[in-house]
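Student: Okay, handing you the structure first.
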Amino acid sequence: MRTSTTRSEKYYILISLILLLALWKIISLIIDADIILPSPENTFISFYNLVITRDFSRILLFSLIRGFLGFMISFFLGITFGFLSGTNKYFGKLFEPFLIIIRSTPIMSIILIALIWFRATNVPVFASFLVSFPIICMNVTEGIKNIDVNLIQMAQVYNINKIRVFKEIYFPSILPFLLAGISTAAGIGWKAVIAAEVLSQPEYALGTSMQVSRIYLDTESVFAWTIIAILISFLSERVIRKFEKSIVKWKG
Amino acid sequence: MALRIKNLKKSFHGLTIFENFDIEINEKEINCILGPSGVGKTTLLNILSGIIDADKGQLSDLKEKTISYIFQEPRLLAWKTVYGNISFVLKNLYNRQEIENITNKYISIVGLKNFKDYYPDKLSGGMKQRVSIARAFAYPSDILIMDEPFKSLDFKLKKSLIVSFVKLWEIDKRTVMFVTHDVEEAALLGNVIYILKDSQPTEIEKVVHINARQIDRILNPQKTAKTKKTLLKYLK
Ligand SMILES: Nc1ncnc2c1ncn2[C@@H]1O[C@H](COP(=O)(O)OP(=O)(O)OP(=O)(O)O)[C@@H](O)[C@H]1O
Ligand SMILES: [Mg+2]
């Protein structure tokens, strides 16, 4: 679970990005139609124009808030239900089919149903909640099942009280699983937010902007918004990793 | 004084390990248990420490005793350092300064001063075992249970730990239950040695008493030769 990027790894990333850009440029030259594949430079011009518009920060903020809300709901419910499933065998068995059903439901079905049930701005929140909840839940359950009973016995022999056993054995055992779940859930949840926004069309939303650009055949902007979405995903991943490294010190 | 276990019965899914089993644990002495693998030594220790319940039997005196346990595996918390693993068992018993002193004392006794802030991940098997030993000694218990504490240690280290153990024990004579495969260890440390028979259910095949002080035995190992011979004979 080594997450630090060494110097040479950084070079590889840089080279692969340059290769990607070169490939993109070459293909766009061959196709020679910005409406189908805009060139990298036009995309970046469009990117710049987007970023300087008055509404940009609002669009970004609102989308981020939706993602964050959906995430927080699945975070708290995921931990609660994951904990119940992991500690109570019967609850776990009863609850598992629900999770499997949620996980097997196409994201588009979730969004379409949410469109019927909720106001436009809440559809993305619901969608991101529903895709990330099972992930966090299952990871927490997995973490609990992974707790070493030998350590619990050791604590019992040494008369460690229940609160300390929870804080000093249960919690650290579950933590790596929880963090892995958070990382995956945040990534998938963010994609669900954008997909839901494309369909639900809230007033200020990254997905709405993307869809509008598509309708006007403004392919550069579609690309530019996509790059913004990717950057946000990348940044949130980095933040989570940093956080993970600072608390899971004992590994690696 | 002795703690008595009477009429002990324990079986796992039809496999009877103990049946009408009696054993006396002499207080403030080193009670050694020798026996082949799978005979039920760890099971006996787990019953004594309350980790598992017996199916039947009386071990009433044991209930109120506090216990330190050197398990067959180190059982360290991966997220705590050497220091953290030892102070873990002291936290509700002492104030901060005392915890620090006691923890540091036992870390030096097991020779891990320079590894105090290491996580178990970075320690060798023998080093982890030493942390487990230090933890058990640091905890102020009535009974010290040891399940092959000196295995996975090289000869020199084992020798030095046995010497430190005896010194510690001379100062602070706890009741010790000591399981080993090693005849030499038994002959050096035991005040009383129980040899378990390789049968199901198991029985005590032979009880050997040794009166000589452990320190004297360590200083004159040739004096244990006879005991070792006896023990070997009963272990077939
Ligand atoms: N939790 C358990 N469930 C089922 N069987 C068990 C369990 N614990 C121990 N046994 C069985 O009980 C017997 C005695 O096991 P135990 O661990 O007490 O042996 P031991 O004398 O400590 O052996 P060793 O010297 O190899 O450590 C073995 O046959 C083992 O398979
Ligand atoms: Mg054993």
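The values are calculated or read from the model by the stated rules, or taken from the named source; none is laboratory data. The model shown is predicted, which means the values in this text are computed figures rather than measured ones. Cβ placement follows ideal geometry from the backbone for every residue including glycine, while neighbour counts extend to all protein chains displayed.
Student: Give segment B:152-173 a look and list any residue that's in contact (Cβ under 8 Å) with a residue 60 or more places away in the chain and either within 16 Å of ligand 2 (Cβ to nearest atom) or surrounded by fewer than 19 Cβ atoms within 10 Å (Cβ to Cβ) (or both), or say none.
Tutor: B:K173
Student: Of all residues in segment B:151-205 being β-branched (V, I, T) and in a helix (DSSP H, G or I), which is nearest to B:M1 (Cα to Cα)?
Tutor: Filtering first and then ranking leaves B:I171.
To keep it simple, each residue is scored yes or no on (1) under 20 Å from the mean Cα position of the chain (by Cα); (2) more than 11 Å from chain B (Cβ to nearest Cβ); (3) crowded, with 21+ Cβ neighbours inside 10 Å.
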| residue | (1), (2), (3) |
| --- | --- |
| A:D148 | no, no, no |
| A:V157 | no, no, yes |
| A:K162 | no, yes, no |
| A:F166 | no, yes, no |
| A:F171 | no, no, no |
| A:P176 | yes, no, no |
| A:V193 | yes, yes, yes |
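Residue-by-condition table, conditions (1) loosely packed, with under 15 Cβ neighbours inside 10 Å; (2) touching a residue at least 12 places away in the same chain (Cβ under 8 Å); (3) more than 12 Å from chain A (Cβ to nearest Cβ):
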position	(1), (2), (3)
B:V39	no, yes, yes
B:K91	yes, no, no
B:K113	yes, no, yes
B:K116	no, yes, yes
B:K122	yes, no, no
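Student: Moving to a separate point now. Can you tell me which residues in segment A:45-71 are surrounded by 13 or more Cβ atoms within 10 Å (Cβ to Cβ) and of a type in the set (A, V, I, L, M, F, W, C)? Lay out the reasoning, then the answer.
Tutor: First, the residues of segment A:45-71 that are surrounded by 13 or more Cβ atoms within 10 Å (Cβ to Cβ): A:45-47, A:49-50, A:56, A:58-60, A:62-71.
Once the filter is applied, which keeps residues that are surrounded by 13 or more Cβ atoms within 10 Å (Cβ to Cβ) and of a type in the set (A, V, I, L, M, F, W, C), segment A:45-71 yields A:I45, A:F47, A:L50, A:F56, A:I59, A:L60, A:F62, A:L64, A:I65, A:F68, A:L69, A:F71.
Student: Inspect all residues belonging to segment A:235-249 and state whether any of them is closer than 24 Å to A:I35 by Cα, among the hydrophobic types (A, V, I, L, M, F, W, C) and in contact with a helix residue (DSSP H, G or I) (Cβ under 7 Å, 6 or more places away or on another chain).
Tutor: No, that holds for no residue.
Student: Which ones in segment B:54-64 are crowded, with 18+ Cβ neighbours inside 10 Å and within 13 Å of chain A (Cβ to nearest Cβ)?
Tutor: Residue satisfying the conditions is B:L62 alone.
Student: Of the residues A:S57, A:S39, which single one is of a type in the set (G, A, S) and within 30 Å of A:A185 (Cα to Cα)?
Tutor: A:S57
Student: Can I ask one more? With the requirement that a residue be within 14 Å of ligand 1 (Cβ to nearest atom), acidic (D, E) and within 14 Å of another protein chain (Cβ to nearest Cβ), what does segment B:138-190 give you?
Tutor: Passing the criteria: only B:D147.
Student: For segment B:51-73, what are the residues that are more than 15 Å from ligand 1 (Cβ to nearest atom), within 17 Å of the chain's Cα centre (by Cα) and not hydrophobic (A, V, I, L, M, F, W, C)?
Tutor: B:K65, B:T66, B:S68
Student: Restricting to segment B:127-150, name every residue that is away from ligand 2 (no atom under 16 Å from the Cβ), among the aromatic types (F, W, Y) and outside any helix (DSSP H, G or I).
Tutor: Answer for segment B:127-150, where residues must be away from ligand 2 (no atom under 16 Å from the Cβ), among the aromatic types (F, W, Y) and outside any helix (DSSP H, G or I): just B:Y139.
Student: Every residue in segment B:1-50 that is of a type in the set (S, T, N, Q), away from ligand 1 (no atom under 16 Å from the Cβ) and under 17 Å from B:V208 (Cα atoms), please. Walk me through how you get there before you give the answer.
Tutor: First, the residues of segment B:1-50 that are of a type in the set (S, T, N, Q): B:7, B:11, B:16, B:20, B:26, B:31, B:37, B:42-43, B:46, B:49.
Then keep just the ones that are away from ligand 1 (no atom under 16 Å from the Cβ); that gives B:7, B:20, B:26.
Passing the criteria: only B:N26.
Student: Which residues, counting only those in segment A:195-224, are of a type outside the set (A, V, I, L, M) and within 17 Å of the chain's Cα centre (by Cα)?
Tutor: From segment A:195-224, those of a type outside the set (A, V, I, L, M) are A:197, A:200-204, A:207-209, A:211, A:213-214, A:216, A:218-221, A:223; that's our starting set.
Scanning segment A:195-224 gives A:E197, A:G207.
Student: How many residues are over 18 Å from B:N20 (Cα atoms), more than 16 Å from ligand 2 (Cβ to nearest atom) and not in a helix (DSSP H, G or I) when one looks only at segment B:45-63?
Tutor: Result for segment B:45-63: 1.
Student: If the requirement is being modelled with pLDDT of 95 or more and either in a loop (DSSP other than H, G, I, E, B) or away from ligand 2 (no atom under 16 Å from the Cβ) (or both), which of these qualifies: B:N85, B:N20? If you could, list the steps in order and put the result at the bottom.
Tutor: On the way: B:N20 fails: modelled with pLDDT of 95 or more.
Checking each option against the conditions leaves just B:N85.
Student: Moving on to the next point. Go through B:K80, B:K9 for me and flag whichever is over 18 Å from the mean Cα position of the chain (by Cα), surrounded by 15 or more Cβ atoms within 10 Å (Cβ to Cβ) and in a strand (DSSP E or B).
Tutor: Going through B:K80, B:K9 in turn, just one is over 18 Å from the mean Cα position of the chain (by Cα), surrounded by 15 or more Cβ atoms within 10 Å (Cβ to Cβ) and in a strand (DSSP E or B): B:K9.
Student: From the list A:F75, A:F62, A:F71, which residue is touching an Asp or Glu at 6+ places or on another chain (Cβ under 9 Å), touching a residue at least 60 places away in the same chain (Cβ under 8 Å) and on the phi < 0 side of the Ramachandran plot?
Tutor: A:F62
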